[in-house]
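Report on the structure given below.
Read-outs: derived from the displayed coordinates by stated rules, not from any lab. The structure presented is a predicted model; accordingly, all values stated were derived computationally and were not measured. In this analysis, Cβ positions are derived from the backbone assuming ideal geometry, glycine residues included, and neighbour counts consider all displayed protein chains.
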Amino acid sequence: GPVDVECEMMVLGAGPGGYSAAFRSADLGMNTVLVEKYATLGGVCLNVGCIPSKALLHVAHIMDETAHMADLGVSFAKPDVDIDKLRAYKDKVIKTMTGGLAGMAKARKVNVVQGVGKFLSPNHIEVTGPDGAKKVVAFQKAIIAAGSAVVKLPFVPEDPRIVDSTGALELRQVPKRMLVIGGGIIGLEMATVYSTLGARIDVVEMMDGLMQGADREAVKVWQKFNASRFDNIMLKTKTVGVEALPEGIKVTFEAAEAGQPAPEAQVYDLVLVAVGRSPNGKKIGAEAAGVSVTDRGFIPVDGQMRTNVPHIFAIGDLVGQPMLAHKAVHEAHVAAEAAHGEKAFFDAKVIPSVAYTDPEVAWVGLTEDEAKAKGIKIEKGHFPWAASGRAVANGRSEGFTKLLFDAETHRIIGGTIVGTSAGDMIGEVALAIEMGADGVDIGKTIHPHPTLGESIGMAAEAYEGVCTDLPPPRKR
Amino acid sequence: GPVDVECEMMVLGAGPGGYSAAFRSADLGMNTVLVEKYATLGGVCLNVGCIPSKALLHVAHIMDETAHMADLGVSFAKPDVDIDKLRAYKDKVIKTMTGGLAGMAKARKVNVVQGVGKFLSPNHIEVTGPDGAKKVVAFQKAIIAAGSAVVKLPFVPEDPRIVDSTGALELRQVPKRMLVIGGGIIGLEMATVYSTLGARIDVVEMMDGLMQGADREAVKVWQKFNASRFDNIMLKTKTVGVEALPEGIKVTFEAAEAGQPAPEAQVYDLVLVAVGRSPNGKKIGAEAAGVSVTDRGFIPVDGQMRTNVPHIFAIGDLVGQPMLAHKAVHEAHVAAEAAHGEKAFFDAKVIPSVAYTDPEVAWVGLTEDEAKAKGIKIEKGHFPWAASGRAVANGRSEGFTKLLFDAETHRIIGGTIVGTSAGDMIGEVALAIEMGADGVDIGKTIHPHPTLGESIGMAAEAYEGVCTDLPPPRKR
Amino acid sequence: APVVAAPPRPARAPAPAPRAAGDKPLAAPAVRKRAWDLGIELQYVAGSGPAGRITHADLDAHVTGHRQGRAAAA
Ligand SMILES: Cc1cc2nc3c(=O)[nH]c(=O)nc-3n(C[C@H](O)[C@H](O)[C@H](O)COP(=O)(O)OP(=O)(O)OC[C@H]3O[C@@H](n4cnc5c(N)ncnc54)[C@H](O)[C@@H]3O)c2cc1C
Ligand SMILES: Cc1cc2nc3c(=O)[nH]c(=O)nc-3n(C[C@H](O)[C@H](O)[C@H](O)COP(=O)(O)OP(=O)(O)OC[C@H]3O[C@@H](n4cnc5c(N)ncnc54)[C@H](O)[C@@H]3O)c2cc1C
């Protein structure tokens, strides 16, 4: 067929992975086309993920802070919440960021082609625009960054009172009673926003704890601090039925383990389904390009982000866990550079995770459970924020900073921070791990006092047995 | 004379330097006495410095945040400020922290002797208790950590409407018009608190800019964001007269440069004198111990914090700039370890500084001006927070993160962050400098998205020319 | 009473024995990137830093060593 656009590099999908890949490709001098279904760039993260959720969480955080300020001598009356204005604020934040991306694409002369892309061959993709018009883009190289979509539960009916994260972010209503199905980060972030706005929350989770993957001790701190948000936290519990009744959404549960008692069915005003995301690998005609896709929809890649087809790369959510924006961006750079002929390689040792709840929970590298499972002997440096002057001054001393060291080499191999701003500080722990730092390196680095960040230095000192802001170290 | 207490290690002064030195000494097995004038441990920092100022700044920060929230859909009425309760909160924070120190001293069996210490000999100190009773402590080794005191202006009369930082922290009143003499960190922190509580502020500063030592571009951002707090910022201006009148404190000014016009005299409800601190070296009978003291009151020490008398060490504010708590603590560890016979050495490359204002300004290592003055060729990585999704989501995109690299070695040699939580994040930059990291090390470290902390990774990427969250890099 | 010495800081481990196949060697990101660019398998580079960390200098030495080795063989 006829070719409408020719380019050296075609990037499919304009999420954090895709726009970063396209921008890097253009910066490297490649003539680049970026194919995206939606009118704005930024993908899930900017439009219905990372960014809008954080805009709402910021507002929730300030509201929550003011609720405790009377003890500090400053009494706030309950604020007036104008939900339409709040939504407008969130939308403005998205617009600012996606507008910025559009400008940056233009400055780089990246040719954005709007429409749904489907590979026709290893060097052609067909793009169906919003008006149904089809274009064929011919490319020499490609980076697939088509991301992931929300997982739906088969037995859940269509109803405006049942939403996924995208629906929850639309803030159509503030329910009295809300159920969050899935106790992962996304579910708990939304639970935080809605409970601050006035909803009573139930959470149901299949596994035996919230926030899987995070340090258990940190989750405990989080759960204690957040206890007042929840009526019921139902662990090891399956959701087995969801029924839309006039008076609300009726949800039935079953114990995950056979023979255990199940919680009673409940009726909610709003149900958020947040049970995970699945990769879009099967929805892009990959077979026409000869690109392998796993049964679950992931695209296998090597350390250069190359698929089985040498000139086609893949990055982001659709190449595997963790499905996180910052992973996608770093993979994007590697893919673009490798496609350009550089010897780039994705060899970051660690990828941090953050729950942007209140307090935040941030971790990177190994957790204690993972180290145990892998048979790695670890030693800990633990600094409770009760000993942090800044945390106490902020009235927020519930947190801690914990660093894990390899017991043999004494290098840092992981860390968890729970507390306000944890996510802003975990980057230092990531850097320490990447640099191969040990406890002395971190502890002898002078951190400013009084900050929350100094807790990282203090935790390292605690590990070395030289911290003087804690009780005396136990003799080893 | 008779000796009342004998010990291996005597530490004079229980500020951050002194308590850390005493605790470390005790942990190393030395029988330790800690001499402190006041009833509580913690010195200036905990009692009238770092900690109370941050408690008030936290409250001010939340109040300021709520003032902008109406645009975000959440309208707060002006809060009721109960100044007595606010002061009580601040006092409670101090009590929590100093109480913690007392407990840790006890757990370490550090013998705290309350009173004013004066050396009698190189191995004896006389301590005059609050009741006037004198005790003599004999010691084998000593660490002097007597800190610093506020600098007074000779022409300033005694009046309750004229205060130093300690007086300002007492929050006796909220004035309508307040003058801050001295545009350094302490003055601007107090200006922030009082202006949030309702005062209109003037600042007068001898030098040609506020916050000397900080990156000028960062100060510009700070000043723009804080413009509404100030009626007049009088730079290159000397305060030459202060008169207590019934209607207020009348202050007269003079241009620092001869021949320039001076601002008119003004009348204020409150005047804060924050023109610096001077070391207490001359107030401790150092001569009796044979310890050299400079004319200005500093005690010279070597890299092990040893004075000219081999068994006497000195640390903290009284050994030199920068007068910061975290410097004192790290010096304390070195002194205690060296006194214990270890080969400890104070060889940190950098000591970070933070202004805990709103936004915070944090910097470490060289600034551009310093590099220029030293003839070091630098290259920059600059990430404006307008491009940070998190900063935009927080409604606080005024900040930036700037990293400086040695143009020859490409290693990081300095960094400045201006923005919320800057102080919590500058530790990563300090670690990078200590580890000898370069732009690739920092940029290839995966920082979580969307955080303010990722701006450090982005700034490093900007330096490397590989950042895809900024407009395309200019070709080098 | 005898003075009880506080626990010693854990000493930095000496450089470890040659790495097992598949072991990720310890090196900063910039060193790793340079190794990729140079086509060097870090696996076979001796690390002189703490805990056997491979430094830029180690990479330099490895490259020079190879060149010299080749020159000698020639
Ligand atoms: C509520 C929520 C909150 C989140 N919060 C965070 C967070 O705080 N931090 C974090 O790191 N991650 C967060 N995530 C995850 C993050 O959004 C993803 O990891 C990230 O967006 C993945 O980027 P990507 O480029 O792989 O794909 P996506 O962002 O999924 O982008 C894929 C793009 O491809 C387009 N596309 C797909 N198929 C086609 C096609 N055939 N033709 C044309 N275009 C196509 C899509 O429209 C989309 O724009 C969150 C996710 C959600 C849902
Ligand atoms: C308002 C304000 C805010 C500040 N904020 C910060 C900040 O945020 N971060 C930061 O790093 N620094 C800050 N500082 C500076 C910080 O307080 C000092 O750097 C730090 O306290 C120095 O510690 P030090 O141990 O040397 O001495 P000090 O804290 O000054 O302690 C000295 C102690 O010795 C005692 N003493 C003195 N002489 C005798 C004697 N003859 N006999 C017995 N006892 C004696 C004193 O009573 C005092 O307790 C601030 C200072 C002020 C004033």
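Peptides A:256-268, B:420-432 ranked from most to least packed, by the mean per-residue count of other Cβ atoms within 10 Å: B:420-432, A:256-268. Peptide B:173-186 shows a mean partner chain C-beta count of 0 within 10 Å per residue C-beta.
Test of understanding: what is the full-extension gain from A:MET207 to A:VAL151, defined as 0.36 nm times their sequence separation minus their Cα-Cα distance? Write out the running numbers ahead of the final one.
Working: separation 56, 0.36 × 56 = 20.16 nm, distance 1.70 nm.
Extra length available between A:MET207 and A:VAL151 comes to 18.5 nm.
Ignoring lysines fewer than eight residues from B:LYS85 along the same chain, the ones with Cα atoms less than 19 angstrom from its Cα are B:LYS54, B:LYS95. Sorted fewest first by neighbouring Cβ atoms within 10 angstrom, B:ASP215, A:ASP406, B:ASP347, A:ASP82 come out as B:ASP347, A:ASP82, A:ASP406, B:ASP215. Between copies, A:LYS236 shows label-point distances of 7.5 nm, shortest first, with the point placed 7 angstrom from Cα along Cα to C-beta. The equivalent ellipsoid of chain B has semi-axes of 38, 31, 22 Å, largest first, where each one is the square root of 5 times an eigenvalue of the Cα gyration tensor. Counting beta carbons within 10 Å around each of A:VAL35, B:VAL127, A:VAL418, B:VAL11 and listing the fewest first gives the order B:VAL127, A:VAL418, A:VAL35, B:VAL11. Convex hull volume of the C-alpha atoms in segment A:1-56, normalised per residue: 80 Å³. Charge tally around A:GLY129: other residues with Cβ under 12 Å, Lys/Arg +1 each, Asp/Glu -1 each, net -1.
Restrict the search to segment A:247-314; then list the trypsin sites (Lys or Arg not before Pro) that DSSP places in a loop and that have at most 14 other Cβ atoms within 10 Å of their Cβ.
Working: sites: A:LYS250, A:ARG277, A:LYS282, A:LYS283, A:ARG296, A:ARG306; in loops: A:ARG296.
When the trypsin sites (Lys or Arg not before Pro) of segment A:247-314 are filtered for loop state and at most 14 Cβ neighbours within 10 Å, A:ARG296 remain.
Count Lys and Arg as plus one, Asp and Glu as minus one, and take only other residues whose Cβ is under 15 Å from that of B:PRO450; the net charge is then 0.
Calculation over all alpha carbon pairs of the protein assembly as shown in 20 angstrom steps from 0 returns a P(r) of 12, 41, 35, 11, 1, 0 percent. Which one, B:PRO472, B:HIS58, B:VAL291, projects farthest toward the positive side of the charge dipole computed for chain B from Cβ point charges (K/R +1, D/E -1)? The Cα lying farthest towards the positive end belongs to B:VAL291. When the C-alpha to C-alpha distance is required to be over 24 Å, the pairs from A:LYS141/A:LYS327; A:LYS134/A:LYS282; A:LYS283/B:LYS444; B:LYS283/B:LYS374; B:LYS37/B:LYS92 that qualify are A:LYS283/B:LYS444; B:LYS283/B:LYS374. Computed from Cα positions, the angle between helix A:216-225 and the longest principal axis of chain A comes to roughly 70 degrees. Each copy carries a label point for B:LEU120 at 7 Å from Cα along the beta-carbon vector; from one copy to the others these points are 10.0 nm apart, nearest first.
First select every other residue whose beta carbon is under 13 angstrom from the beta carbon of B:VAL74; then total the charges, Lys and Arg +1, Asp and Glu -1. Can you show the working numbers first?
Working: positive: A:LYS78, A:LYS85, A:ARG87, A:LYS90; negative: A:ASP64, A:GLU65, A:ASP80, A:ASP82, A:ASP84, B:GLU65, B:ASP71.
Charge balance near B:VAL74 sits at -3.
Between this copy and the others, label points of B:GLU158 are 8.3 nm apart in ascending order, each placed 7 angstrom from Cα in the Cβ direction. Given the C-alpha centroids of segment B:426-467 and segment A:383-416, what is the distance between them in whole angstrom? If you average the Cα positions of each part, the centres end up 21 Å apart.
With both labels modelled 7 Å from their Cα along Cα-to-Cβ, the C:SER48 to A:GLU370 distance reads 3.3 nm. When the alpha carbon gyration tensor of segment B:133-261 is reduced to an equivalent ellipsoid, the three semi-axes, largest first, read 31, 20, 17 Å.
Taking every DSSP helix (H) stretch of at least 4 residues in the protein assembly as shown, weighting each as -39,500 (n - 2.57) and dividing the sum by the residue count yields a mean residue ellipticity at 222 nm of -9500 deg cm²/dmol.
When chain B is turned onto chain A, its residue with the beta carbon nearest the axis, and that distance in whole angstrom, is B:GLU428, 2.
Specify whether the C-alpha gyration tensor of segment B:195-292 places it in the rounded, prolate or oblate class, a ≥ b ≥ c being the square roots of the eigenvalues: rounded for a/c under 1.5, otherwise prolate if a/b is larger than b/c and oblate if not. Since a/c reaches 1.5 and a/b is larger than b/c, the shape of segment B:195-292 is classed as prolate. For a straight C-alpha distance cut-off of 27 angstrom, the lysines reachable from A:LYS238 (same-chain residues fewer than eight places away being disregarded) are A:LYS152, A:LYS176, A:LYS220, A:LYS224, A:LYS250. Partnerless cysteines in chain A, where a partner means another cysteine C-beta under 4.7 angstrom, comprise A:CYS7, A:CYS467.
Provide C:TRP36, B:TRP363 in ascending order of the number of other Cβ atoms located within 10 Å of each residue's Cβ, fewest first. Walk me through the intermediate numbers first.
Details: C:TRP36 17, B:TRP363 28.
With the fewest neighbours first, C:TRP36, B:TRP363 line up as C:TRP36, B:TRP363.
Note that segment B:40-181 carries a Kirkwood radius of 19.0 Å, evaluated over its alpha carbons pair by pair.
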